[in-house]
Amino acid sequence: MKHAYGHITDTQRTTYAGMYILKKLDLKPKDGGEVIRVMAPENGSIEPILDYLQLRGYVEVDRKNRYQLTQSGKEYIGMLIDEAERIIDEFDDEDVEDMLEELAARNMDVFRVRFLWGWYQGEFDDVVLFQQRRGFPEIEHSWQEFITDDAFYQNLALELQTQQND
């Protein structure tokens with residue numbers, strides 16, 4: 001069964017980029033986390049996602065004009081971690097092709113599974129290293145730009161398509 005993993009919707013992109021941002025806010029800076037200030041110039045590409053997260057009740061602005069996780073945001077991250085751990089526990093020893101077939105049979109979003117796997121295991125934490133390892137022709141140094149860029153999602157989709165075509 002063929003699946004088109006190459007295209008994700010704007011809603012999916014917002015969701016995945018939002019997951020990435022929530023992780024950045026959850027971790028301490030020494031562990032890869034980040035302080036994200038409201039209306040900072042580097043936030044240009046992620047401002048709509050920050051707005052989305054705020055509307056969902058996952059982040060709020062503190063008195064120092066920084067985004068911070070709400071209790072709801074912390075609970076959502078906990079649910080994402082639980083989901084990722086279940087997926088990894090179940091499929092860690094599986095061949096990728098077998099896993100894709102099983103996910104399709106369960107009508108699960110294969111792209112979400114792939115994103116959660118990399119998100120949970122820290123594969124995307126260092127965006128420059130991620131791009132270098134995967135042979136990107138041009139390296140984007142800004143994580144804010146990278147997590148909203150088509151190249152990131154196309155690269156993940158390419159991996160799924162390659163596995164599906166084997």
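Data overview
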read-out	value
Qualifying positions in the range 42-67 - among the aromatic types (Phe, Trp, Tyr) and not in a loop (DSSP other than H, G, I, E, B)	Tyr52, Tyr67
Test result for Glu101, over 26 Å from Lys30 (Cβ atoms), more than 18 Å from the chain's Cα centre (by Cα) and surrounded by 14 or more Cβ atoms within 10 Å (Cβ to Cβ)	yes
Any chance Asn43 is polar (S, T, N, Q) and either in contact with a Pro (Cβ under 9 Å, 6 or more places away or on another chain) or surrounded by 15 or more Cβ atoms within 10 Å (Cβ to Cβ) (or both)	yes
Selection within the range 38-57 - farther than 25 Å from Leu129 by Cβ and either touching a strand residue (DSSP E or B) at 6+ places or on another chain (Cβ under 7 Å) or not hydroxyl-bearing (Ser, Thr, Tyr) (or both)	Val38, Met39, Glu47, Pro48, Asp51, Leu53, Gln54, Leu55, Arg56, Gly57
Conditions (1) farther than 15 Å from Lys23 by Cβ; (2) in a helix (DSSP H, G or I); (3) at pLDDT below 95; (4) not aliphatic (A, V, I, L, M); number of the one not met by Gly118	(1)
Yes/no for Glu123 being under 17 Å from Tyr153 (Cβ atoms), among the acidic types (Asp, Glu), surrounded by 13 or more Cβ atoms within 10 Å (Cβ to Cβ) and out of contact with any Gly (no Cβ under 8 Å at 6 or more places or on another chain)	yes
Any chance Gly135 is of a type outside the set (Asp, Glu), at pLDDT below 95 and either in contact with a strand residue (DSSP E or B) (Cβ under 8 Å, 6 or more places away or on another chain) or not in a helix (DSSP H, G or I) (or both)	yes
Residue match in the range 80-91 (condition: touching a Lys or Arg at 6+ places or on another chain (Cβ under 8 Å) and either under 21 Å from Met19 (Cα atoms) or modelled with pLDDT under 90 (or both))	no
In the range 19-39, residue surrounded by the fewest Cβ atoms within 10 Å (Cβ to Cβ) [restricted to those that are farther than 13 Å from Val59 by Cα and among the basic types (Lys, Arg)]	Lys30
Tyr76 vs. criteria of a type in the set (Phe, Trp, Tyr) and within 15 Å of the chain's Cα centre (by Cα)	yes
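Residues are listed down the side, and each one gets a yes or a no for (1) without any contact (Cβ under 8 Å) to a residue 12 or more places away in the chain; (2) surrounded by fewer than 17 Cβ atoms within 10 Å (Cβ to Cβ); (3) within 21 Å of Arg13 (Cα to Cα):
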residue	(1), (2), (3)
Asp51	yes, yes, yes
Tyr58	no, no, yes
Val61	no, yes, no
Tyr67	no, no, yes
Gly73	no, no, yes
Gly78	yes, yes, yes
Glu85	no, yes, no
Glu94	yes, yes, no
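The values are calculated or read from the model by the stated rules, or taken from the named source; none is laboratory data. The structure displayed is predicted, hence computed values, not measured ones. Neighbour counts run over all protein chains shown; Cβ positions are idealised from the backbone, glycine included.
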